[in-house]
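Single-structure report; data block below.
The values are calculated or read from the model by the stated rules, or taken from the named source; none is laboratory data. As the structure is a computational prediction, the values presented were derived from the model and not from experiment. Counting neighbours? That spans all protein chains shown, and the Cβs are built from the backbone with ideal geometry, glycine included. In case anyone asks, the SASA skips ligands and DNA or RNA and just uses the protein heavy atoms, side chains included. Shrake-Rupley method; radii C 1.70, N 1.55, O 1.52, S 1.80 Å.
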Amino acid sequence: MDASPARRRCWKREQARLKASVVEEDTEEWQKDPDFSGLQRVGGVDLSYVKGDESRACASLVVLSFPALEVLYQDCRMVAVTAPYVAGFLAFREVPVLVEAVQRLQQEEPQLQPQVLLVDGNGLLHPRGFGTACHLGVLTELPCIGVAKNLLHVDGLVRDELHREQVRSLQRSGETFPLIGTSGKVLGMVLRSCNNSSKPLYVSVGHRVSLGTAVRLVRACCRFRIPEPIRQADIRSREYLRKQQPCAPVLEAVPASPERWVCGQEGPAVPLAAVMALKVQAG
């Protein structure tokens, strides 16, 4: 499964169009409070793929209470992933099923809608400044934060000896240093999230949150290295796969007819109906 040059061009156009809607600042009152007063629900999302079959996965959305970090809601579904994996375009492969998970929550348990989503991936730390966390944030209109486990080599950022030395300098939980590309732009922050692991996290803005707030919130959500919303989404998706294979039904993530895609004949893996439904709900 591969993406044709025409599809890649379409994806680039769609990224550029949606990127114009990204908000890199705090938009909610709870974000401006040092203790996040008013924040009650934090969401996390994850996809776990069937071993040996990259076209089938379990999509997981969890909502945790804050600051207790207890699971309030979970949605695990087997889904068909129709778009190929192409570096820099992961969102077109995974965001459609995550949008649908958010939409189900909005319809079935609206009182549990998360006030912010933590995404296992990047936001502005991306070749075109529009990673999965940005994409999901713009389509759902929810504040989103990108939390990656590895450094994406973009804008001159590399995991060289200087970078490794900076990582080693992070001695305690909560310590950080900025990721500054050759363009001079701060693309994200490297965070040591807990004392028990020297492996850092790479935090970047997704949508409707500042970088400083994103880092503070990720740290506040960490019992272990990985923030609890993402960790719980991963645990539950893997457990679902373990219990359900091979008999779980697979939900089609995207429509088959090309005219229903947002972008062109080969368009991105985001159904227009789902996008429009979310826009209507967002008002």
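Evaluated at 4 °C with a viscosity of 1.567 mPa s, what Stokes-Einstein diffusion coefficient in µm²/s does segment 134-254 have when Rh comes from the Kirkwood expression over alpha-carbon pairs?
Working: Rh = 16.0 Å.
Diffusion coefficient, whole number: 81 µm²/s.
With all protein chains present, how much of the accessible area of segment 1-116 (probe radius 1.4 Å) comes from carbon and sulfur, to the nearest whole percent? Before the final figure, lay out the partial values.
Numbers: 2440 of 5290 Å².
Roughly 46 percent of what the probe reaches on segment 1-116 is carbon or sulfur.
Arranged from highest to lowest average of other beta-carbon atoms within 10 Å per residue, in what order do the peptides 31-43, 91-103 appear?
The peptides rank, most packed first, as 91-103, 31-43.
Of the candidates P200, P110, P229, which one comes out as most mobile in a Gaussian network treatment of the chain with C-alpha springs shorter than 10 Å?
P110
Sequence gap of 8 or more, or different chains, plus Cα separation below 27 Å: how many lysine pairs satisfy both in the chain?
17
Could you give the length gained by full extension between E28 and S197, i.e. 0.36 nm per residue of separation minus their alpha carbon distance, to one decimal place?
Extra length available between E28 and S197 comes to 57.7 nm.
What helices does the chain have that are whole DSSP H segments, at least 20 Å long along their own axis by Cα, and with mean Kyte-Doolittle hydropathy of -1.0 or more?
91-108
Under unit Cβ charges (Lys, Arg +1; Asp, Glu -1), what dipole magnitude, rounded to 20 debye, does segment 1-143 have relative to its Cα centre?
960 debye
So what is the 222 nm mean residue ellipticity for the chain from helices alone, if each DSSP H run of at least 4 adds -39500 (n - 2.57) and you divide by all residues, rounding to the nearest 500 deg cm²/dmol?
-10000 deg cm²/dmol
Which ³J(HN,Hα) values in Hz, rounded to whole numbers, follow from the phi angles of segment 65-70 under the Karplus curve 6.51 cos²θ - 1.76 cosθ + 1.60, where θ = phi - 60° and Gly and Pro get x?
6, 9, x, 5, 6, 9
For the chain, what relative contact order do you get, as a whole percent, if you take Cα pairs closer than 8 Å and at least 6 residues apart?
Working: 603 pairs, mean separation 66.8, N = 283.
Reported relative contact order: 24 percent.
Work out, step by step, the length gained on full extension between S37 and Q111: first 0.36 nm times the residue separation, then minus their alpha carbon distance; give nm to one decimal. Display every interim value, and only then the final one.
Numbers: separation 74, 0.36 × 74 = 26.64 nm, distance 1.80 nm.
Fully extending the segment from S37 to Q111 adds 24.8 nm.
Can you give me the accessible area per residue for the chain, using a 1.4 Å probe, in Å²?
45 Å²
Have a look at the DSSP beta bridges in segment 11-169 and tell me what percent are antiparallel, nearest 5.
Given both bridge residues lie in segment 11-169, the antiparallel proportion sits at roughly 70 percent.
Just check the chain against the gyration tensor rule for me: Cα atoms, a ≥ b ≥ c as the square roots of the eigenvalues, rounded for a/c under 1.5, and otherwise prolate or oblate depending on whether a/b exceeds b/c. Spell out each step's value before the answer.
Numbers: a/c = 1.44, a/b = 1.25, b/c = 1.16.
Rounded, because the longest to shortest axis ratio a/c is under 1.5.
Test of understanding: in a Gaussian network model of the chain with alpha carbons linked when under 10 Å, which of A220, A16, A148 would top the mean-square fluctuation ranking?
Maximum fluctuation in the GNM of the chain, among the listed residues, is at A16.
Expected output is a single nm value to one decimal: the length gained when fully extending between K19 and F177, i.e. 0.36 nm times separation in residues minus the C-alpha distance. What is it?
The span from K19 to F177 would gain 54.3 nm if fully extended.
GluC sites (Glu not before Pro), restricted to segment 155-211: which are DSSP loop and have at most 16 other Cβ atoms within 10 Å?
Numbers: sites: E161, E165, E175; in loops: E175.
Here the sparse-neighbourhood loop sites are E175.
Nearest 5 percent is fine: what portion of the DSSP beta bridges confined to the chain is antiparallel?
75 percent
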